[in-house]
Amino acid sequence: MNSSDSSELQQDAKIIIDSPGNSDARLISSLKTVCPQNEQEIARMVFQSPSVLLDGLETDKARQISSVLNEAGAETRIAAADEQVEEGTDEYELAIVVPNISHIGHIFQEILVMMQIKPMEAVRLMVQSPAVMVGKLSRAAADAFARRLRRAGAEVDLSRYQEATYDLFVSTLDLPDLNKLNDTLNRNGIRRSGNGDAGWSKSFFALSGLTWAQVDRIRGDLRVFDGKVKVLNRDFSRFDILLKSGGHDPQTVMEVLRNRFGIPESVIDKLLKALPVVIAREVPFNQMQQHLGELTQTGAEADARLTSLQTFDLRIEETGDAERSRDILRLIGLGSVPLNRYQHMRAPYTIDGPFSPLQARWLQKDLRTVGNQVDLIIR
């Protein structure tokens, strides 16, 4: 075998990225030095892994590059040139929920590192409602990002968004705009009957059970309503469960509260005497239905309150460190709070939102750490 034949045999390796693993967005910049593709295509391969990053490599060279990428946190491997690779597709979106606000700092730092974005941009993503962090992910990439965010203290919802169910909500349109919206729906073959099946949102004009194809057809038309018409992916909807009445069989209700909701027996008696009371917060849609179903079977009366559309004002009862408070309002308020209006005001006073649920809780937490007494007022 001559040297030419040996060289040809060595050009038989390719590098497959199975998952971004624990790497961050700097991986994409690093790959620009070895991959012929542009940055957008490299990002696609990472976010939709498994993907073939490089092929036609000498085996030793492939091992070297793969080793460097794995040290950076990615999950890559060497494959033979003729190995078939089932590449990932852009099927998933990922959203976060923060059940324990004390973890918000860790989650914020993880997002800064993972996505390599500026603090204000990270806040802007996090305080959306729902807080959709990133889309067009493969399952492998979505799982990798989810693991990191869960370790930081977030709950993570994954959605195969083209197969998801969507709900449309309107709460502040005047009659001419409502007529315009109805025309848009009718023109696209979407019919509304009464309040749809969204019994958990009776205060809204609600249209339930839309498909991705239906939503995609009307997405452009909805922009004219300037955010007053919201379409929510049901996989990302969250609810508070409000127990209003213990019904005719309190003993059975107590068993449900203990077994399904994990409420300590020592608390249940006091809870039932204080109704109505929220007994579970930020519950996913399917779990919400199960909760309500089991409570209804006991004869109890309960409602689900959709939290994704809630907004809040801040009530300042006592003021703390003014300079540090301004910094907090500037960052977490995303620069939307007119600080000059409030800097000479004496408590109590109200800082007008609208702030999303996570944004309001985050502001409350951080403002309290610098000496303010803050209450949340739902709008």
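The values are calculated or read from the model by the stated rules, or taken from the named source; none is laboratory data. Every value quoted in this text rests on a predicted model; they were computed, and no experiment measured them. In this analysis, Cβ positions are derived from the backbone assuming ideal geometry, glycine residues included, and neighbour counts consider all displayed protein chains. These area figures cover heavy atoms from the full protein model, side chains too; ligands, DNA and RNA do not enter into them. Shrake-Rupley method; radii C 1.70, N 1.55, O 1.52, S 1.80 Å.
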Inset, instruction - On a 0 to 90° scale, report how tilted helix 59-71 is relative to the longest principal axis of the chain, with both axes built from alpha carbons and the result rounded to the nearest 10. - result: 20
Inset, instruction - Under a cut-off of 20 Å between alpha-carbon atoms, report the aspartates and glutamates in cross-link reach of K61, not counting same-chain residues fewer than 8 places apart. - result: D5, E8, D12, D18, E71, E75, D82, E83
Legend entry - Share of carbon and sulfur in the accessible heavy-atom surface of region 256-379 [1.4 Å probe, %]: 44
Inset, instruction - Answer rounded, prolate or oblate for the chain, using the Cα gyration tensor with square roots of eigenvalues a ≥ b ≥ c: rounded when a/c is under 1.5, else prolate when a/b is larger than b/c, else oblate. - result: prolate
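Rounded, prolate or oblate, given the Cα gyration tensor of region 225-324, with a/c below 1.5 counting as rounded? Display every interim value, and only then the final one.
Numbers: a/c = 2.67, a/b = 1.41, b/c = 1.89.
In terms of gyration-tensor shape, oblate.
Roughly how large, in nm² to one decimal, is the mean projection of the convex hull of the alpha-carbon atoms in region 99-245?
Values: hull surface 44.6 nm².
Its average projected convex-hull area is 11.2 nm².
Provide the packing ranking of 217-223, 59-65, i.e. peptides ordered by the mean count of other C-beta atoms within 10 Å per residue, highest first.
Working: 217-223: 13.9, 59-65: 15.6.
For the peptides 217-223, 59-65, the packing ranking is 59-65, 217-223.
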Inset, instruction - Over the chain, give the accessible area per residue in Å² for a 1.4 Å probe, as an integer. - result: 52
Inset, instruction - Jot down the radius of gyration and Dmax of region 271-377, Cα atoms only, both in angstrom. - result: 17.7, 55
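Ranking request for peptides 156-162, 261-267: highest mean number of other beta-carbon atoms within 10 Å first, then the rest in descending order.
Working: 156-162: 17.7, 261-267: 11.3.
Answer by packing, highest mean first, reads 156-162, 261-267.
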Inset, instruction - Taking amide H positions as placed in the peptide plane 1.01 Å from N, state which residues far from F239 in sequence (5 or more) or on other chains have amide H under 5 Å from it. - result: E282, V283, T307
Inset, instruction - Treating cross-link reach as a plain straight distance, find the lysines whose alpha-carbon is under 24 Å from the alpha-carbon of K228, omitting any fewer than eight places away in the same chain. - result: K180, K202
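What order do you get for 125-133, 137-145, 342-350 when each peptide is scored by the mean count of other beta carbon atoms within 10 Å, highest first?
Values: 125-133: 19.7, 137-145: 23.0, 342-350: 12.0.
Going from most to least packed, we get 137-145, 125-133, 342-350.
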Legend entry - Phi to ³J(HN,Hα) by Karplus 6.51 cos²θ - 1.76 cosθ + 1.60 over region 339-352, Hz, x for Gly, Pro: 4, 4, 5, 9, 5, 10, 7, 9, 5, x, 8, 10, 9, 6
Legend entry - Degrees separating the helix 104-115 axis from the principal Cα axis of the chain, which is the longest one: 30
Inset, instruction - Measure nothing but the geometry: give the 0 to 90° angle between the long axis through the Cα atoms of 139-152 and the longest principal axis through the Cα atoms of the chain, rounded to 10°. - result: 60
